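Everything on this sheet refers to the single structure shown next.
We did not get these values from a lab; they are worked out from the coordinates using the rules stated. Computed from a predicted structure; not experimentally measured. Cβ sites come from the backbone with ideal geometry, for glycine too, and all protein chains shown count toward neighbours.
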Amino acid sequence: MALLPAVASAAPRGEPAKSLAKLDAEYAAAEKDLLRRCEIDGNGDVAAIIKAWPVPPVEGRQIALAIPSSLETPVCVDSDAERSIWSNFLAARRARAAGTFEHALWAAAAHERLPTRAELARPDPESPPPGPQSCAAIRLLFLTLRDDPDHARARAAAGWVRRGDRWEWPAAARRLDKAEDYDPRFGWMPKGKLARHRDGERSLRGRWVKAADDDAALREVKHGRQFDADHWEIVSTAPPPVTGDLAAELESARLVWLQVFGGFAVEPADLETRLAGRGRIAPQTPHSAILCGSRAQYADELRKLEPRIDITAGIYWQPTATIWFFADPAGPQAVTVRHEAFHQLFAECRPDFTRLKAEPGRRSGFWAVEAAAIYAESMQKTDFGWTLGGRDTGRGPAARELVVADEHVPFAELTALGREAFQAHERIADLYDQCGGLADFFMNAHGGRYRESFVEYLVRVYSGTTDPDTLARLCRRSLAELDAEYRASMR
């Protein structure tokens, strides 16, 4: 399983007892023995689960992992021999998870080590620039949780809390404590109220009506149905199942964002403290979303705020910290939901940036704001979770065409553009396509060499502290050198 190159070289202390390669080799040996036992006992179903467990190599893409809320034994494990094999399978995974978590701690501590003068003067062209390794630490954290979903320190560091035999997000745990329950069609509700919804009733302005009558009524946004998800409060005039689908897509986008851009949301020292079991994650207020029942309603509501709203399929309106979508004909497109969700998560994940009231990229570097959101459009579902990036996904092909035709905008011009200049650019459509290619380049090219630098650049953009040369300083490459590497990567 490929990891960021040279993560280990930046760690200041506490080198893990075993390398990641050694941990993988030990797991592979255990897996081989387990499959041998399955073959002897004729346990084909269990063998299939064990064979499918490793994450396959993903060249030129980033992975994000699905993490279950509990560890359940498959129904096919029903004999003493199968239970023994299953127990040993989990033990092998837990052993690797324990070692992987040590590497996560080690990577998180890399921020304490300052680069030497030699490193600054003669950077290794094959390794990431020396500095914090927050993205690597978070990736290792989630690899830990995939192998061992009950790893308590990893769960706490990622933000989950335990309720019974399940791990829940804090907002969900608080609702469970209040005897509420969740339904994918209706969200979180008190159990009595939810039972009436399941029985075909709806609450309409303080009174109960039949679901058919409620569905037939034309709702205004100010009287929309409330749908409470784990991290979003959604006001909707669309049918409940469509709203539920939106909530599920938003929650998936957040889980992916945490793994891909989690280093943006926390300072390196705080991440190390959290992984060490000494830090706490501050409670967060829910994000706000509005789902209109039709494109016409969406346009009517927003035209007074954004005159060009008719050309959009969704929007994050930062002044009110709200994302808007419409459900015409069936619901918002997944790529649009992910794009706008990423915008919202970046804008609202750090209270220190919110208090600054800075407009991200106002003076320079606005391209990165859009590139990070466009990166979400490349999300593809897999058996293990999702992949992101790749020159053949999202806007990658269009970005590649621009490079082949030598029509991409060079970094010297692009990094100097503030928000207004970017959005007024005569080639705005090409700029958006190019941002798709640039996001993939900075997140995945050369094994993710510039991933940490790009996330730190986003921190500077959102805090309003960039200038046209910030990107070059963080990557320790001139803008001309980055241009050349990007062209070579896309070709």
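The table below gives the values:
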item: Projected area, mean over directions - the range 170-357, Cα convex hull, nm²; result: 12.1
item: Pairwise Cα inverse-distance average, inverted: Kirkwood Rh of the range 8-166 (Å); result: 17.7
item: GluC sites (Glu not before Pro) within the range 218-273, DSSP loop, no more than 15 other Cβ atoms inside 10 Å; result: GLU220
item: Cβ-based net charge around ALA136, under 9 Å, with every Lys or Arg adding one and every Asp or Glu removing one; result: +1
item: Cut-off 11 Å between beta-carbons: net charge of the residues surrounding SER203, Lys and Arg +1, Asp and Glu -1; result: +4
item: Kirkwood hydrodynamic radius of the chain, from inverse mean 1/r over distinct Cα pairs, in Å; result: 24.4
item: Rounded if a/c under 1.5, otherwise prolate or oblate - the range 184-255, Cα gyration tensor axes; result: prolate
item: Karplus (6.51, -1.76, 1.60) ³J(HN,Hα), θ = phi - 60°, over the range 229-235, in Hz, Gly and Pro reported as x; result: 9, 4, 10, 9, 10, 10, 9
item: Order of ASP300, ASP148 under a 10 Å beta carbon neighbour criterion, fewest first; result: ASP300, ASP148
item: Net charge of neighbours whose Cβ lies under 13 Å from the Cβ of MET490, counting Lys and Arg as +1 and Asp and Glu as -1; result: -3
item: Residue exposure sequence - MET379, MET490 - by fewest surrounding Cβ within 10 Å; result: MET490, MET379
item: Relative contact order of the chain, pairs being alpha-carbon contacts under 8 Å that are 6 or more residues apart, as %; result: 15
item: Overall dimensions of the range 358-491 by Cα: Rg and Dmax, Å; result: 13.9, 42
item: Whole-Hz couplings from phi, Karplus 6.51/-1.76/1.60, listed for the range 85-95; x for Gly and Pro; result: 5, 4, 4, 5, 4, 5, 5, 5, 5, 5, 5
